[in-house]
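Everything below concerns the one structure shown next.
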Amino acid sequence: MIEFPGLNILWAALPEARVVGGAVRDSLAGKPLADVDLASPLNPDEAMARLTAARIKSIPTGLAHGTVTALVEGQHFEITTLRRDVETDGRHAVVAFTDNWQEDASRRDFTINAMSMDRAGTLYDYFGGEADLHAGVVRFVGDAKTRIAEDYLRILRFFRFFARYTIGAPDAAAVAAIEDLRDGVLLLSTERVWSEIKRILVAQSPIAALHLMQTTGVLERVLPQGYDVPRLTTLITRRAPVDVYLRAAALLTGDIKSIAARLKLSNDEAEILQSWQTPTALQPTASDADLRRALADSDAPTLIARSWMNGNWPDLRARLAATPRPVFPLQGRDLTELGIPQGPRIGKILAAVRRWWLDGGCVASHEDCRAQALLTIVK
């Protein structure tokens with residue numbers, strides 16, 4: 001039986017609804033539930049009327065596809081009317097409502113995602129999803145090529161779930177279908193591609209999935225600028241934190257600006273990747289002054305990320321984390337107080353004093369820097 005805040009209140013209003021998809025899969029796998037989705041034989045208008053009668057707020061978030069969202073005890077529940085596909089084009093589907101649970105399950109991607117569970121805890125598993133889950137097999141529902149042709153995003157979703165759940169060799173039918181239809185990923189929006197790549201990367205052990213993406217020809221299609229799976233493997237072998245951008249920085253090769261433009265990365269994402277790929281001059285033997293100089297130009301998380309890219313240096317990372325970031329104590333107003341008029345000269349003097357401050361290990365005080373500024377002015 002699935003336990004989740006607010007679920008019993010929702011079931012009291014919609015007793016015929018079942019929990020579907022990821023919540024069933026993760027519950028059976030003993031994983032924590034982040035959210036819960038339900039399906040119902042009721043059409044959206046009927047479902048919303050039931051919710052309203054139970055004083056549960058509902059939002060018509062996707063009526064064309066039969067989805068409403070219920071808000072219960074601070075939780076959002078998506079409730080979707082049972083559906084069957086009328087027409088698909090490789091990315092979007094035209095659907096019709098049905099009251100047949102197996103028909104609805106048959107349009108889902110993988111057997112482990114096609115299970116449902118009612119309020120009594122009864123599992124409905126039409127395609128052997130529970131057995132596949134326990135065996136560590138990610139298998140398409142029915143014919144793999146048919147499922148992929150309905151929605152080419154399922155190719156990348158396969159690798160995401162492969163990275164999380166597969167034990168041993170991949171399903172042969174899935175691999176063969178992906179090899180035949182791999183060009184379908186070229187039709188996907190770059191935003192969805194990047195979203196799925198990130199989800200693959202945050203799996204505990206994504207390397208087998210990435211190798212399979214290579215051998216099936218998918219990885220070169222979604223990352224044509226280049227990739228370095230061995231570098232990512234080395235990073236993971238060092239037991240670096242499971243950080244999506246650290247792993248992406250290790251995996252991606254080529255010009256980050258071009259990659260960012262192609263995948264439509266946010267400015268923040270592009271800046272992080274560019275910064276973390278920048279080689280670090282710091283070595284484990286770096287002095288305290290070296291660390292302060294480095295921290296004056298980059299924050300500790302950036303330097304720590306770069307260190308993971310360079311080597312397995314726990315002592316250096318610990319020192320970086322424990323060292324306060326020095327702040328150059330002189331500002332432009334200090335120079336105007338010394339009689340220097342506003343203009344380019346102030347910037348030149350500040351830059352000269354800052355170089356002196358860095359050379360000294362970033363320990364000179366405000367007064368020391370003012371005195372150095374006076375010397376610079378005299379020169």
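Each reported figure results from applying straightforward, stated rules to the coordinates on display, with no laboratory input. Values in this document were obtained by computation on a predicted structure and should not be read as measured data. Glycine gets a Cβ as well: all are built from the backbone with ideal geometry, and neighbour counts include every protein chain shown.
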Could you work out the relative contact order of the chain? I mean the mean sequence separation of Cα pairs under 8 Å and 6+ apart, divided by the number of residues, in percent.
9
Residue-span extension gain [Thr61 to Ala169] - 0.36 nm each, minus C-alpha spacing:
35.0 nm
Could you give the length gained on full extension between Gln225 and Asn43, defined as 0.36 nm per residue of separation minus the Cα-Cα distance, in nm?
60.9 nm
Given 37 °C, 0.692 mPa s and a Kirkwood radius over Cα pairs, the Stokes-Einstein diffusion coefficient of the chain in µm²/s is 133
The computed P(r) of segment 268-379 puts the percent of Cα pairs beyond 21 Å at 46
Multiplying the sequence separation of Thr237 and Lys198 by 0.36 nm and subtracting their Cα-Cα distance, what value in nm do you get?
12.1 nm
Candidate lysines - alpha carbon under 25 Å from Lys264, same-chain residues fewer than 8 apart omitted:
Lys198
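Asp132: net charge of surrounding residues, Cβ under 9 Å, Lys/Arg +1, Asp/Glu -1, itself excluded?
Local charge sum for Asp132: -1.
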On the formula 1/(1 + (r/R0)^6), with r taken between the Cβ atoms of Ile9 and Gln277 and R0 of 45 Å, the FRET efficiency rounded to 0.05 is 0.40
For Gly217, net neighbour charge (Lys/Arg +1, Asp/Glu -1) across residues whose Cβ lies under 11 Å away:
-2
Distribution output for segment 131-177: share of Cα-Cα pairs per 5 Å bin in percent, first bin at 0, values 5, 23, 34, 25, 11, 1
